[in-house]
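Q: Quick one: the structure is below, questions incoming.
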Amino acid sequence: MPFIAIALVLAATLGGGTALVADTSLPGEALWGFKVEVNERFAGAFNASEKAKADWDISVLKTRLSEAEKLAAKGEVSASAQAKIEANFDAHAQAVAKHISRLEEKGDYTAAAEVAARFQAAVAGHATALASASANANVNAQAALLPILQRVRATLDTASDLSAHASARAAAEANAEASSNTNGNGSVETSIDGSANSETGASVEPATGVRVDVGL
């Protein structure tokens, strides 16, 4: 049975209230699995474009890091919760990188650059927030958060590289398009000193004053 059909059956069986409550659950709580496997996957199932899929993955990985920050504030970051957050975050981060690569393969460098910039900003923001939450947490929570922080910082490096690369490709494409538009008329006209004039496609020899058509 397709996933969407399964999700609809579960939602009908358990009731809409379950989905709403699950949205606020944290790793280690009973409904967190429902939140990840049903609520989030159901929301992501309707994204058709690479850009929309990437934005969904970014949204989910931000949710994982927000959950880690909330658990840190409560001082309740278990080894199990840490492993679940890290694995899920990593999966969505890798998915974003793949979407950016596919956008570039399609020649949509502008969209790739936009997604990469959002990816970088999202990870950077939560890296700072998570570091702050860890600094204020108890010793056990700090130890559990350390692998997540290391993964987030490594991902930030990757996101920064992707953003720089995608932005450079987008800028190169824009420059190439601008150059193509500038030279697209295929002819120029020179002035009295022999320089080109693009409107008439003719030139004037400085020594003779004779107009000469120039085709480029």
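Q: Return only the number of the condition from (1) in contact (Cβ under 8 Å) with a residue 40 or more places away in the chain; (2) within 17 Å of Leu26 (Cα to Cα) that Ala116 does not satisfy.
A: Exception for Ala116: condition (2).
Q: Now for a separate question. Can you find even one residue in segment 91-110 that is under 23 Å from Thr24 (Cα atoms), in contact with a helix residue (DSSP H, G or I) (Cβ under 6 Å, 6 or more places away or on another chain), assigned to a helix (DSSP H, G or I) and at pLDDT 95 or above?
A: yes
Q: Just to be sure I understand, how many residues within segment 1-37 are assigned to a loop (DSSP other than H, G, I, E, B), modelled with pLDDT under 90 and surrounded by 13 or more Cβ atoms within 10 Å (Cβ to Cβ)?
A: Total satisfying the criteria: 0.
Q: I've got another one for you. Of the conditions (1) assigned by TED's automatic domain parsing to the domain that holds Leu130; (2) at pLDDT 95 or above; (3) touching a helix residue (DSSP H, G or I) at 6+ places or on another chain (Cβ under 7 Å), Gly75 clears all except one; give me its number.
A: Unmet condition: (2).
Q: Would you mind stating whether Asn140 is out of contact with any helix residue (DSSP H, G or I) (no Cβ under 9 Å at 6 or more places or on another chain), modelled with pLDDT of 80 or more and closer than 30 Å to Thr63 by Cα?
A: Yes.
Q: Ok, one more. Looking at the structure I just gave you, is Thr110 free of Cβ contacts under 8 Å to residues at least 60 places away in the same chain and not basic (Lys, Arg)?
A: no
Q: Of the numbered conditions (1) aliphatic (A, V, I, L, M); (2) modelled with pLDDT under 95; (3) surrounded by 19 or more Cβ atoms within 10 Å (Cβ to Cβ), Ile85 satisfies every one except a single condition; which is it?
A: Failing condition for Ile85: (2).
The values are calculated or read from the model by the stated rules, or taken from the named source; none is laboratory data. Please read these numbers as outputs of a predicted model, since none were measured by experiment. Using ideal geometry, Cβ is built from the backbone for each residue, glycine included, and neighbour counts are taken over all protein chains shown.
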